[in-house]
Amino acid sequence: MPKLLALTGSPSAHSRTDVVADLALRHLTRSHPGFETARLAVRELPAADLLAARRGEPEIRRALEAVAAADGLVIATPVYKASYTGLLKAFLDLLPQDGLVGKAVLPLATGGSLAHVLTIDYALRPVLAALGARHVTAGRFVLDSTVERGSGPDRLRPEAELDLLQAVDEFADALRVAGRPPTAAGPPAPATTPAPATAPAPATALTAADALTATAAP
């Protein structure tokens, strides 16, 4: 059974980021049975051990073991100063250089302005790639204003929720592909003449367009 860990980097116990991560987990367990899910809030780790990089301390060691055991991770963070939080950075710094090798990762970010929509691609995605993530799926930026709070359970506005759940579905598909055994190697492909080199469109442009569409006010 594939193991999935939701890792949240908000310092607040009542953050919108946690609402988004919890919704992603609930959708996975409800619509994609067969995943074993767990949740890790970095703020709940001992601060002194985290900042001093005491990997051998029990709670830090268990957190690192949870990441190592996971087949996939949902990594969610609020945007502070145009980047992911220092809390999340402190934890990611504790991972070995190959700490995400073989894993699929869904990056999620929340923030108060569309000016931060490219934070995932410019700040978080390069770190995940440097840690060896096998497949970083298309992330989502969720505007704070789309998180609705009231007398009932916290939720997202319908258009933002639909976009988030689409990202979760794509992530679930990536996890299933990652969990399949490799197929036997076939004969080598015939040599072909390479196409002329062209400058591909940046992936971040697509991400920005998706986020702008998903978070625009109805």
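FYI, it's all coordinate maths here, none of it is from the lab. These numbers were taken from a predicted model, which means no experiment stands behind them.
Things to note:
- Eigenvalues of the alpha-carbon gyration tensor of region 15-79, scaled by 5 and square-rooted, set the equivalent ellipsoid semi-axes at 25, 16, 8 angstrom, largest first.
- Those lysines that a straight Cα-Cα span of less than 17 Å connects to Lys89, excepting residues fewer than 8 apart in one chain: Lys81
- For region 1-130: relative contact order, % (alpha-carbon pairs under 8 angstrom, 6 or more apart): 31
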